[in-house]
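K.L.:
Just dropping this structure here.
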Amino acid sequence: MELSLLYFVKILVAVLAIIALMVGNAIVMVYVERKAAGFIQRRPGPYEVGPWGTLQAIVDSMKLLAKQIFVPANADYILFFLAPILAFFPVLLLFLPIPFGPYLTSWETPDGIILILAFAGFGVLSNLLGGWASNNKYGVLGAARAVSQSIAYEIPLILALLAVIYQAGTLNLSEIVEAQGSWPWQWNLVCQPLAFFIYLVSLVAETNRAPFDLPEAESELTAGFHTEYSGMGFALFFLAEYANMLLVSFVCATFFLGGYKGPILDGFWWTFIKAYLVMFFIVWIRWTFPRVRFDQLLNINWKWLLPLSLLNLWVTAIVIKVIG
Amino acid sequence: MASSNFNFINPFTFLNVQDSPGTYVGDFYTDNFEKGARAGNVILNLGPQHPSTHGVLRVLVELFGEYVLRSEPVLGYLHRMQEKMGEVKTPYQYLPNMGRVDYLNPIAWNWAFAGAVERLAGLEVPEKAEWLRVVSAELNRISSHLLWWGAFVMDLGGVTPILYAFEEREKINDILQIVTGSRLTYNYFRFGGVGQDADGRFVDLIKDFVPYMRERLKMYKALVTENIIFRRRLEGIGPMGEDICRRYGATGPIMRAAGVMCDTRRLYPYGIYDRFDYDIPTGPTDDCMGRYLVRLEEIKESLRILEQAVRDIPGGPHIVAKAPKPAYKLPAGESYFTVEGARGQVACHIISDGGKTPYRIKLRAPGFSNLSLFAEAAKGTLLADAIAILGSLDLVIPEVDR
Amino acid sequence: MRAIWDNIKGLYSLLVGMKITIVFLFSPRKTVHYPRKVVERENVENYRGPLELTRGKKDPAKTPCISCQLCVKACPGNCITVVKGKEGKAPSLWTYDFSYCCLCGACVETCPTGALAFSHRVYMVAKSREELLLDLLADLDDRVKKSPQLEAKTDAKSDAKSEAKTDSKADAKAGAPAKKDGEEPSPA
């Protein structure tokens, strides 16, 4: 594509829209998560601020904005502030290649999924820096956990996506959506159930959500890598967590659930419905299961998910060779 | 947040305690504990403000990676001089303290102290009072186990079950409030009886509660006990055999999980427990899972006792005619009375010289002995396992510190 | 093979747990939403709140207290102060520091005239320590003003109960005592 002024304006508008989406998503998801947690636990959840507590998340973010930012003694000042920023901003880039609708892609690139997988690594870097720089033993333990967990789970995640990529024969996300049909039985979910399952498990681990929330394991490490963060530092980590959740949900919708295609009237609403169903699944299991232990977490990955995803990839390759 | 903090630290200074003497100033316990640490190992303070120490317990651990090499519980953050208070108050005035020693299982402590005074004074307790004592103690045992259940699952990362446990706990609180008047720190027992008689609503609510609780136990089983993550977290973790239990004086569910029939209700019978038909569950395994299962079985056995109790309610007064007044003086002598609390053997030893107040009161807290097993059981486990072991001991810090 | 089978069974157990929570997600709430709802009356009636003076059998406007100081001596927390008045036995000052009170009931049980009872003020709120120093004579006067005549009662105990009813009515700002949400046994 030519580098014209129009092109830059388009990207700029897209980035602004994505920032709005990320912040709006965080506000909505904080409310949805707290309300779902409340309902699962048979209590009303947020109730006082606004009708049915809908303004609670906004008021909470105001509180976080107004809070003092505390820096522990002997903390690494630069890295301490760099970490939350590093957690939040790379996620922006990752939304660029996602096809929200048939004509609603910020940046139509042939290597969209490569971009996403490459920049997703920044998230763990920020966790590591945050834990390391805050001069806190819990933080260091959480950071160490975050790194080994992220490295481990990226492999089955990529291998699961690779099976779909083999099938579609492209790295372009829009083309992967186009390769799927409108009806649920034409989605990749049906012909790649194992890959879908592996991806689902890995995405929970990759976004550090319960039952794989080891880096911030509350009952063990108080808050893990963000123990010492307060105010906006904490808010940025929080935003990044929800943005990451949204991203992996969009990728899941694109790869396995037919993206913007639906039984009636294709459009971006289908992408959002599907992505938010995946988000609800993540919230739902968080409030259901206890946390796994660290060695079990790695065992699940190296002993089960990795061989299974390799097997899945192998079978896919053979089937494609035989049929195609 | 002064910018004077701007400096790039040597990242190993706080990890390596041996190499930087003088830079780290700890208290007595930290200093002593650090002397034994190998260079490169991390000394971590779990608590006194930590989400999973349930109050203000502080545990010093030496970590090699995620492995716990040594640990040492530090007590006394909630020491309230309960035993000394017994020496300055008359026995009657001291009775409300018993609700505060262990706020989750106050009835057992009520019973231990009231029983010791009654034994010393030779007071007879009416039948109705004994019935009320058994019923309230069993209800309290269930509510204590329920809170432990929720908190234990929360230690393992499952946040939801504790709120389900609280549903049942509220029901028990409603029932116990009818006779005791309060919802947490019950001051129910009196010397020679109990404070208040039960009415029909008390019995009706218990009759409703027993089948309801059985249904909920099935839900607990499906949601938590059979959950694979939960089972893998507990099976084989923190084995505490009979040997170590006997060495440290552990009682209650910990001892029973080791396969020893150790229950004060059977070993030193008191009250009218001999009228009821119930089993003492002993654990299949002596690990965290065994202790978990024993406690859930105990809830079932307590429900059995309640079920039999509401079938046959004795009549008569709920307190002896000439019950001791606040200025009551104990006769000279000694007495010891022990009951089965939710956490193990609760006992009270009174020495009186015939004066206005007792000469000495000794309270035996089961949590104190149970906690002393932790350091040995947690050696060589992962940090997450150490938390699970700590949770499975069912510690109530006010009771440990007294 | 055994491990694979165990893991498949484990996955099934996870599904069972997820089913339980999704059912609870769509079942009614269990909590009582306080300012809008209050717990049932019968649940409040046996609650022991701060002390109150009962009303005399002969003269419902006066306390039967004879300033004998027995409750002062019995109290483990020394939270009661009773000063005898100039004429007769009636007290001129009856204060009670609720912040020291452990609600043990020693005073109520020792009172020879039945002048003391536990109130049932579940919703009592104090914003400072001074507010917890309760003047029970003033409190009694307040209640007398509210309902000058005592309903036909036989003894001091049920007397106290009726007082509590009016009290809890006044406290429950929602007016009519709403019923507790979801008191029925759960479908679990």
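The values are calculated or read from the model by the stated rules, or taken from the named source; none is laboratory data. These numbers were taken from a predicted model, which means no experiment stands behind them. Every residue, glycine as well, gets a Cβ built from its backbone with ideal geometry; the counts of neighbours run over all protein chains shown.
Results for (1) of a type in the set (Phe, Trp, Tyr); (2) without any contact (Cβ under 8 Å) to a residue 60 or more places away in the chain; (3) out of contact with any strand residue (DSSP E or B) (no Cβ under 9 Å at 6 or more places or on another chain); (4) within 14 Å of another protein chain (Cβ to nearest Cβ), shown as yes or no for each residue.
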position	(1), (2), (3), (4)
A:Ala87	no, no, yes, no
A:Leu92	no, no, yes, no
A:Pro97	no, no, no, no
A:Ser106	no, no, no, no
A:Pro110	no, no, yes, no
A:Leu117	no, yes, yes, no
A:Ala120	no, no, yes, no
A:Ser126	no, no, yes, no
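K.L.:
Return the residues of the stretch B:377-397 that are within 9 Å of the chain's Cα centre (by Cα) and either within 16 Å of B:Gly47 (Cβ to Cβ) or modelled with pLDDT of 90 or more (or both); say none if nothing qualifies.
P.N.:
Kept after step one, since they are within 9 Å of the chain's Cα centre (by Cα), are these residues of the stretch B:377-397: B:393-397.
B:Leu393, B:Leu395, B:Val396, B:Ile397 - these are the residues of the stretch B:377-397 that are within 9 Å of the chain's Cα centre (by Cα) and either within 16 Å of B:Gly47 (Cβ to Cβ) or modelled with pLDDT of 90 or more (or both).
K.L.:
Given the conditions (1) touching a residue at least 40 places away in the same chain (Cβ under 8 Å); (2) outside any loop (DSSP other than H, G, I, E, B), report the number of the one that A:Thr288 does not fulfil.
P.N.:
(2)
K.L.:
Tally up the residues in the stretch A:295-324 that are small (Gly, Ala, Ser) and at pLDDT 85 or above, please. Show your work before the answer.
P.N.:
The initial filter retains those residues of the stretch A:295-324 that are small (Gly, Ala, Ser), namely A:309, A:317, A:324.
Next cut, at pLDDT 85 or above only: A:309, A:317.
Adding up the residues that qualify gives 2.
K.L.:
Out of everything in the stretch B:48-60 that is within 10 Å of chain A (Cβ to nearest Cβ) and not hydroxyl-bearing (Ser, Thr, Tyr), what residue ends up being farthest from B:Gly380 (Cα to Cα)?
P.N.:
At the first step, the residues of the stretch B:48-60 found to be within 10 Å of chain A (Cβ to nearest Cβ) are B:49-53.
Now restrict to residues that are not hydroxyl-bearing (Ser, Thr, Tyr): B:49-51.
Working: B:Gln49: 24, B:His50: 21, B:Pro51: 22 Å.
So, considering only residues that are within 10 Å of chain A (Cβ to nearest Cβ) and not hydroxyl-bearing (Ser, Thr, Tyr), the one farthest from B:Gly380 (Cα to Cα) is B:Gln49.
K.L.:
Looking at the stretch B:246-291, which of its residues are in a loop (DSSP other than H, G, I, E, B) and of a type in the set (Val, Ile, Thr)? Write out each step before concluding.
P.N.:
Taking the stretch B:246-291 first, the residues in a loop (DSSP other than H, G, I, E, B) are B:249-252, B:258-263, B:268-272, B:276-287.
Selection gives B:Thr251, B:Val260, B:Ile272, B:Ile280, B:Thr282, B:Thr285.
K.L.:
Looking at C:Gly17, is it in contact (Cβ under 8 Å) with a residue 12 or more places away in the chain and of a type in the set (Gly, Ala, Ser)?
P.N.:
Numbers: in contact (Cβ under 8 Å) with a residue 12 or more places away in the chain: no; of a type in the set (Gly, Ala, Ser): yes.
So C:Gly17 fails the test.
K.L.:
Right, B:Ser143: touching an Asp or Glu at 6+ places or on another chain (Cβ under 9 Å) and modelled with pLDDT of 90 or more or not?
P.N.:
For B:Ser143, the condition - touching an Asp or Glu at 6+ places or on another chain (Cβ under 9 Å) and modelled with pLDDT of 90 or more - is met.
K.L.:
Give A:Pro72, A:Pro90, A:Pro102 a once-over and let me know the one that is touching an Asp or Glu at 6+ places or on another chain (Cβ under 9 Å) and closer than 30 Å to A:Glu175 by Cα. Outline the logic, then answer.
P.N.:
Numbers: A:Pro72 fails: closer than 30 Å to A:Glu175 by Cα; A:Pro90 fails: touching an Asp or Glu at 6+ places or on another chain (Cβ under 9 Å).
Being touching an Asp or Glu at 6+ places or on another chain (Cβ under 9 Å) and closer than 30 Å to A:Glu175 by Cα holds for just one of A:Pro72, A:Pro90, A:Pro102, which is A:Pro102.
K.L.:
Moving to a separate point now. B:Arg247: more than 9 Å from chain C (Cβ to nearest Cβ) and either in contact with a Lys or Arg (Cβ under 6 Å, 6 or more places away or on another chain) or basic (Lys, Arg) (or both), yes or no?
P.N.:
Numbers: more than 9 Å from chain C (Cβ to nearest Cβ): yes; either in contact with a Lys or Arg (Cβ under 6 Å, 6 or more places away or on another chain) or basic (Lys, Arg) (or both): yes.
Spelling it out, B:Arg247 is indeed more than 9 Å from chain C (Cβ to nearest Cβ) and either in contact with a Lys or Arg (Cβ under 6 Å, 6 or more places away or on another chain) or basic (Lys, Arg) (or both).
K.L.:
Continuing with the same structure: Output the helices (runs of 4 or more DSSP H) that fall wholly within the stretch B:126-239 and possess 3 or more residues being crowded, with 19+ Cβ neighbours inside 10 Å and within 12 Å of chain A (Cβ to nearest Cβ), or say none. Can you show your working first?
P.N.:
On the way: elements: B:127-155, B:161-180, B:200-220, B:228-234.
Correct list: B:127-155, B:161-180, B:228-234.
K.L.:
Continuing with this model, one more query. I'd like to check something: does the stretch A:39-54 contain any residue that is hydrophobic (A, V, I, L, M, F, W, C) and at the interface with another protein chain (Cβ under 9 Å from one of its Cβ atoms)? Walk me through how you get there before you give the answer.
P.N.:
Taking the stretch A:39-54 first, the residues hydrophobic (A, V, I, L, M, F, W, C) are A:39-40, A:49, A:52.
Right, trim to at the interface with another protein chain (Cβ under 9 Å from one of its Cβ atoms) and you get A:39-40.
Looking through the stretch A:39-54, at least one residue is hydrophobic (A, V, I, L, M, F, W, C) and at the interface with another protein chain (Cβ under 9 Å from one of its Cβ atoms).
K.L.:
Before we move on, is A:Val319 crowded, with 22+ Cβ neighbours inside 10 Å and away from every other protein chain (no Cβ under 14 Å)?
P.N.:
no
K.L.:
Name the pairs: first residue in the stretch B:279-306 and assigned by TED's automatic domain parsing to the domain that holds B:Gly241, second residue part of a loop (DSSP other than H, G, I, E, B) and among the β-branched types (Val, Ile, Thr), Cβ to Cβ under 8 Å, at least 6 apart or on different chains?
P.N.:
Every condition considered, the pairs that remain are B:Thr282/B:Val260; B:Asp287/B:Ile237; B:Cys288/B:Ile237; B:Met289/B:Ile237; B:Val294/B:Thr282; B:Glu301/B:Ile280.
K.L.:
Report, by residue number, each residue of the stretch B:74-106 that is within 16 Å of B:Gly367 (Cα to Cα) and surrounded by 22 or more Cβ atoms within 10 Å (Cβ to Cβ).
P.N.:
If the condition is that a residue be within 16 Å of B:Gly367 (Cα to Cα) and surrounded by 22 or more Cβ atoms within 10 Å (Cβ to Cβ), then B:Met98, B:Gly99, B:Val101, B:Asp102, B:Leu104, B:Asn105, B:Pro106 are the ones that fit.
K.L.:
Check C:Cys107, C:Cys111, C:Cys101 and return the single one that is surrounded by 17 or more Cβ atoms within 10 Å (Cβ to Cβ) and under 16 Å from the mean Cα position of the chain (by Cα).
P.N.:
Working: C:Cys107 fails: under 16 Å from the mean Cα position of the chain (by Cα); C:Cys111 fails: under 16 Å from the mean Cα position of the chain (by Cα).
Only one candidate passes the filter, namely C:Cys101.
K.L.:
Of the conditions (1) buried (at least 22 other Cβ atoms within 10 Å of the Cβ); (2) more than 15 Å from the chain's Cα centre (by Cα); (3) over 18 Å from A:Val91 (Cα atoms), A:Ser182 fails just one. Which one is it?
P.N.:
A:Ser182 satisfies every listed condition except (1).
K.L.:
Quick check: anything in the stretch A:290-301 in contact with a Phe, Trp or Tyr (Cβ under 8 Å, 6 or more places away or on another chain), over 27 Å from A:Leu125 (Cβ atoms) and within 14 Å of chain B (Cβ to nearest Cβ)?
P.N.:
If we filter the stretch A:290-301 for residues that are in contact with a Phe, Trp or Tyr (Cβ under 8 Å, 6 or more places away or on another chain), which is where we start, we get A:290-292, A:297, A:301.
Next, only the ones that are over 27 Å from A:Leu125 (Cβ atoms) stay: A:290.
Next, from what is left, pick out any that are within 14 Å of chain B (Cβ to nearest Cβ): A:290.
Looking through the stretch A:290-301, at least one residue is in contact with a Phe, Trp or Tyr (Cβ under 8 Å, 6 or more places away or on another chain), over 27 Å from A:Leu125 (Cβ atoms) and within 14 Å of chain B (Cβ to nearest Cβ).
K.L.:
If the requirement is being within 13 Å of the chain's Cα centre (by Cα), at negative phi and either among the aromatic types (Phe, Trp, Tyr) or assigned by TED's automatic domain parsing to the domain that holds B:Arg70 (or both), which of these qualifies: B:Phe368, B:Phe374?
P.N.:
Numbers: B:Phe374 fails: within 13 Å of the chain's Cα centre (by Cα).
Answer to the check: B:Phe368.
K.L.:
From the list A:Leu173, A:Leu157, A:Leu161, pick out the single residue that is aliphatic (A, V, I, L, M), more than 14 Å from chain B (Cβ to nearest Cβ) and closer than 30 Å to B:Thr160 by Cα. It would help to see each step written out before you state the result.
P.N.:
Details: A:Leu173 fails: closer than 30 Å to B:Thr160 by Cα; A:Leu161 fails: closer than 30 Å to B:Thr160 by Cα.
When all the criteria are applied, what remains is A:Leu157.
K.L.:
May I pose another question? Restricting attention to the stretch B:71-105, and to residues there that are among the β-branched types (Val, Ile, Thr) and either in a loop (DSSP other than H, G, I, E, B) or farther than 29 Å from B:Ala377 by Cα (or both), which single residue is nearest to the other protein chains (Cβ to nearest Cβ)? Break it down into steps so the answer makes sense when it comes.
P.N.:
Going residue by residue through the stretch B:71-105, those that are among the β-branched types (Val, Ile, Thr) are B:74, B:88, B:90, B:101.
Subset that is either in a loop (DSSP other than H, G, I, E, B) or farther than 29 Å from B:Ala377 by Cα (or both): B:88, B:90.
Values: B:Val88: 10, B:Thr90: 8 Å.
The extreme case among them is B:Thr90.
K.L.:
Tally the residues that are within 29 Å of B:Met85 (Cβ to Cβ) and of a type outside the set (Gly, Ala, Ser), restricting the search to the stretch C:37-52. Before you say what the answer is, go through the steps one by one.
P.N.:
Step one: of the stretch C:37-52, the residues within 29 Å of B:Met85 (Cβ to Cβ) are C:46-52.
Now narrow it down to the ones that are of a type outside the set (Gly, Ala, Ser): C:46-48, C:50-52.
Number satisfying all stated conditions: 6.
K.L.:
Could you say whether any residue in the stretch A:264-284 is out of contact with any His (no Cβ under 7 Å at 6 or more places or on another chain) and closer than 30 Å to B:Tyr67 by Cβ? Step through it out loud before you land on a result.
P.N.:
Of the stretch A:264-284, the ones out of contact with any His (no Cβ under 7 Å at 6 or more places or on another chain) are A:264-284.
Okay, now just the ones that are also closer than 30 Å to B:Tyr67 by Cβ, so none.
Among the residues of the stretch A:264-284, not one is out of contact with any His (no Cβ under 7 Å at 6 or more places or on another chain) and closer than 30 Å to B:Tyr67 by Cβ, which makes the answer no.
K.L.:
Within 11 Å of chain B (Cβ to nearest Cβ), over 30 Å from B:Arg100 (Cα atoms) and polar (S, T, N, Q), is that true of C:Thr110?
P.N.:
Answer is no for this residue.
K.L.:
When both residues are 6+ apart or on different chains and their Cβ atoms are under 6 Å apart, which pairs have a first residue that lies in the stretch C:71-84 and is at pLDDT 85 or above and part of a strand (DSSP E or B), and a second that is surrounded by 21 or more Cβ atoms within 10 Å (Cβ to Cβ) and among the hydrophobic types (A, V, I, L, M, F, W, C)?
P.N.:
C:Ile80/C:Cys71; C:Val82/C:Trp94
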